[in-house]
1. What ranking of Met118, Met61, Met302 emerges when the number of other C-beta atoms within 10 Å of each C-beta is taken as an exposure proxy, fewest first?
2. What ³J(HN,Hα) values, in whole Hz, does the Karplus curve 6.51 cos²θ - 1.76 cosθ + 1.60 give for region 209-218 when θ = phi - 60°, with x put for Gly and Pro?
3. Scan region 104-202 for chymotrypsin sites (Phe, Trp or Tyr not before Pro) in coil per DSSP, keeping those whose Cβ has at most 13 other Cβ atoms within 10 Å, and list them by number.
4. Which whole number of Å³ per residue matches the convex hull of the alpha-carbon atoms in region 12-139?
5. For Cys256, enumerate residues with amide H under 5 Å from its amide H, sequence gap 5+ or separate chain, H modeled in the peptide plane.
6. Compute, for the chain, the length of the dipole vector about the Cα centre, with Cβ point charges of +1 (Lys, Arg) and -1 (Asp, Glu) only. Units Debye, rounded to 20.
7. Name the chymotrypsin sites (Phe, Trp or Tyr not before Pro) in region 1-63 that are in a loop by DSSP and that have at most 12 other C-beta atoms within 10 Å, would you?
8. Loop-only check: which trypsin sites (Lys or Arg not before Pro) in region 305-407 are DSSP coil with at most 11 other Cβ within 10 angstrom?
Amino acid sequence: MKLSTSFVKTLRNAPKDETAKSAQYLVRAGYVHKELAGVYTFLPLGLRTLKKIENIIREEMNALGSAEIQMTALQNPAPWQATERWNSERMDIWFKTELSAGGELGLGPTHEEPGTAMMHDYIKSYKDLPASFYQFQTKFRNELRAKSGIMRTREFLMKDLYSFNLDKTEHDKFYAKVEKSYHTIFKRLGLGDCTYQTFASGGAFSKYSHEFQTILPVGEDTIYYNHDKSVVLNEEVLNEEVLADLGVKREELESCQAAEVGNIFSLGYKFSEPLNLTYTDKDGKEQLVYMGSYGIGVSRVMGVIAEKFADDKGLVWPEQIAPYRHYIVAIGEKATELAKEWEAAFPEDILLDDRDLRPGEKFADSELTGIPYRIVISDKTLEKDSVEYTERQSGQQKLLTIKEMTDILHSYEKDR
């Protein structure tokens, strides 16, 4: 990608209506454009980062044996009425719209109801179970207060997975696999050392659910943990009964702020019963399907990562999700020729700053955009048959020969 041909411009000043550090940098660096409160467009760099996060999650969902589908955003009221969640007083985050021919539709805030209703056509016998599917779907939630940039929005990308099992025993085995998968996902996203599986309220579904919380000073949740973080719980379930269940004492716990990046629920018969999703067992008897749901806020995770790792110069992306690994600044005619050759040979790896700007401005933008490595090619470095190579996170700088640099670029191409 050449910055000279991109319509995206970096901003020197933070937008006045954004208070979160991540939101300020994402707008300034040209990753997102704010349409209105809680609604953002993902620009070229932002979309590449979002898609890389999505693909890591997709690989782990596929490893579970789950099938990817794409459900509709527009919602038929019927299944929601059956579970009594169409009522806006019971679920106050609905966006609803009226059809010109009469009647209402909703914009999906989640997909338990339509997913359960859909599976009527595919689950008849015990031989059809277990089953699971997942999707990456834009959700719509009429949040009272959208804030913190893409960490809390009214329109956002979510990965939601739904499982269908014969009974609780079979469900629990799959649930455990998802738990392990989530730990792998957050480790691969660079959040493994600061994200914890947390006991939380199961709400109307079950006694407990599990959240995955990333420790973050600006996070909206307060979590409590014991000395080795083997027990972590959300403040909402901090009571004597829960402490007894978990075998810990209140005085053993410390607290901190955190941001929720994922959750998993044992739904049981919460949706299969009102929607009459059943199967015929080996004895010919009709049984309710036992369900679970598992979510990760993809765009929210991107905001959390941006907030977690940013420094006073700008964004700092983990290498595996950065839109590009290398940001090239070329100074001089010969340097520009080499930079263009590399950009053409490794288009998925290189962001070339070929704009007509002073080198200092380009250096500042390389730091603002958070690309993991900066390559500076100049007549001075070419005299030594080398380039200047700087790591964004540590600031460590070194000279590499042209061959060493080319070998690094080839190694990334092989790993792709």
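1. In order of increasing Cβ crowding within 10 Å: Met118, Met61, Met302.
2. 10, 10, 10, 10, 10, 9, 4, 7, x, 9
3. For chymotrypsin sites (Phe, Trp or Tyr not before Pro) across region 104-202 that sit outside H, G, I, E and B with at most 13 neighbouring Cβ atoms in 10 Å, the list reads Tyr122.
4. 164
5. Those qualifying (amide H under 5 Å, at least 5 residues apart or on another chain) are Ile223.
6. Working: 53 positive and 66 negative charges, 138 e Å.
Its charge dipole is roughly 660 debye.
7. Passing sites in region 1-63 are Phe7.
8. Here the trypsin sites (Lys or Arg not before Pro) that fit, given the DSSP loop and packing criteria, are Lys384.
Computed from the coordinates by the stated procedures, all read-outs in this text should not be read as laboratory data. Predicted model only: the values in this text are computed from it and were never measured. Using ideal geometry, Cβ is built from the backbone for each residue, glycine included, and neighbour counts are taken over all protein chains shown.
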